[in-house]
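Asker: Right, I'll just put the structure down here and ask away after.
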Amino acid sequence: VMYPGHVAPPAFPLAPAGAPYMSGNWFGGDYIDPAHGCPNCSVPAARAIEYRRWYAAAVSYADHILGMALNALDGLGETASTITIFHADHGYQLGELNEWSKKTNTELSLRVPLIVRVPWKTEAVGRRCSAAAELVDIYRTLVSLAGLDVSAIEADVQGSSLAPLFDDPGDSAFRDRRAYSQIGSCNCTTVTSHDWTGLECGAGRCVHTPVAEFDFMGYTVRTPQWRYTAWVPMDNATARVDWTWPVADELYAVAGDTPYD
């Protein structure tokens, strides 16, 4: 058994008090457990630990594969001349906030590892940086770090270059930078589960759903101190959000949080 005694249950197993119904996936997700199904229907700790142990095993295998790739670079003698980047496309909540999936605007779903090794940028070797970054920044960043012609990048390519941080990881120009994300919410309806009745939205979010049938779009912004999310109703006639309609929102203080909060 991998990780015996080293996997803890979720530290915050219930949905945040007052969270808007369209913000969660409490009725479904990427797994099935008989205890799951409403904002306050949490999975028993013993089963939660087992599920989290499985996920830890998958991460260990991914780490092993990454090690093989780095060893291959060493074997080719290319480590010193190669930019290496490691990142994920999303987080996984694993029971925190009563979520077991990735399809949310929470910190655990959106914050991902981003590790970049540029051997010739000695000021950045082994350093950590607190600047907010988005995955859309990677393309422009790599073009600059590789010494390619940044002026050749088409104007509509999104993102900003993070290359200055590799000369000065504490560059003050990035101090108040913000990171943005969004996700739709669809198929919202009244659900009855475990003697609880209330509004919930589809666990698959808006996969295979035409934009004109979206119920809400959730926009979130992350600053060094806060995460704010606005859930804006969709006008199905125009397939656009309508900011004149009532908006549900969330505000969380994140300064001083660990990556697991």
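Asker: What three numbers, in Å, describe the spread of the alpha carbons of the range 1-147 along their principal axes, ordered from the longest?
Answerer: 52, 37, 22
Asker: Give the list, by residue number, of cysteines in the chain with no other Cys Cβ closer than 4.7 Å, or say none.
Answerer: Cys129, each lacking another Cys Cβ under 4.7 Å.
Asker: Using all C-alpha to C-alpha distances in the range 96-157, build P(r) with 10 Å bins and read off the rounded percent in each one.
Answerer: 16, 37, 29, 15, 3
Asker: On to the next question. With every protein chain kept in the model, how would you rank Glu50, Glu200 by accessible area, 1.4 Å probe, largest at the top?
Answerer: Final ranking, largest accessible area leading: Glu50, Glu200.
Asker: Could you provide, to the nearest whole Å², the per residue accessible area of the range 177-244 with probe 1.4 Å? Show your work: numbers first, answer last.
Answerer: Numbers: 3700 Å² over 68 residues.
In whole numbers, the range 177-244 has 54 Å² accessible per residue.
Asker: Computed from these coordinates, which is Cα extents along the principal axes in Å: [x] 62, 52, 35; [y] 69, 55, 40; [z] 64, 37, 37?
Answerer: Given [x] 62, 52, 35; [y] 69, 55, 40; [z] 64, 37, 37, the structure-derived one carries the label [x].
Asker: Ranked from the most accessible area to the least, with a 1.4 Å probe and all protein chains present, what is the order of Asp257, Asp167?
Answerer: Sorted by accessible area, descending: Asp167, Asp257.
Asker: Just to confirm the number: angle between the C-alpha axis of helix 45-76 and the first principal axis of the chain, 0 to 90 degrees, nearest 10?
Answerer: It is inclined by approximately 20 degrees.
Asker: Helix-only estimate, please: 222 nm mean residue ellipticity of the chain, summing -39500 (n - 2.57) across DSSP H runs of length 4 or more and dividing by its residues, to the nearest 500. Walk me through the intermediate numbers first.
Answerer: Details: 3 runs with 44 residues, N = 261.
When only DSSP H runs of four or more count, the value is -5500 deg cm²/dmol.
Asker: Provide the descending list of Cα extents for the range 1-41 along its principal axes, expressed in whole angstroms.
Answerer: 38, 21, 14
Asker: I would also like to ask the following. Quick one: ranking Trp245, Trp100 by accessible area, 1.4 Å probe, largest first, what do you get?
Answerer: Result of the area sort, largest leading: Trp245, Trp100.
Asker: In Å, what Kirkwood hydrodynamic radius results for the range 191-234 from the alpha-carbon pair distances?
Answerer: 12.9 Å
Asker: Any idea what log10 I(q)/I(0) is at q = 0.11, 0.17, 0.23 Å⁻¹ for the range 41-116, Debye with uniform C-alpha scatterers and no solvent?
Answerer: -0.42, -0.78, -1.08
Asker: Suppose we keep just the alpha-carbon trace of the range 169-261; what are its Rg and Dmax in angstrom?
Answerer: In order Rg, Dmax, the Cα atoms of the range 169-261 give 16.7, 53 Å.
Asker: Going from the alpha-carbon gyration tensor of the range 73-179, what semi-axes, largest first and in whole Å, does one get by taking the root of 5 times each eigenvalue?
Answerer: Taking √(5λ) for each Cα gyration eigenvalue gives 27, 18, 15 Å.
Asker: Tell me the label-point distance for the pair Ile83, Val136, using the 7 Å Cα-to-Cβ offset, in nm and rounded to one decimal.
Answerer: In this crude label model, Ile83 to Val136 measures out at 1.9 nm.
Asker: If amide H atoms are built 1.01 Å from N in the plane of the peptide, which residues on other chains or at least 5 residues away come under 5 Å of the amide H of Arg240?
Answerer: Asp235
Asker: Give me the percent of the accessible area of the chain that comes from carbon and sulfur atoms, probe 1.4 Å, all protein chains in place. Walk me through the numbers before you get to the answer.
Answerer: Working: 8770 of 15160 Å².
Of the solvent-accessible surface of the chain, carbon and sulfur hold 58 percent.
The values are calculated or read from the model by the stated rules, or taken from the named source; none is laboratory data. On a predicted model such as this, the values are computed, not experimentally measured, just so you know. For neighbour counting, all protein chains shown are included, and Cβ atoms are generated from backbone atoms with ideal geometry for every residue, glycine included. Calculation scope for accessible area: heavy atoms of the full protein, side chains included, ligands and nucleic acids excluded. Shrake-Rupley method; radii C 1.70, N 1.55, O 1.52, S 1.80 Å.
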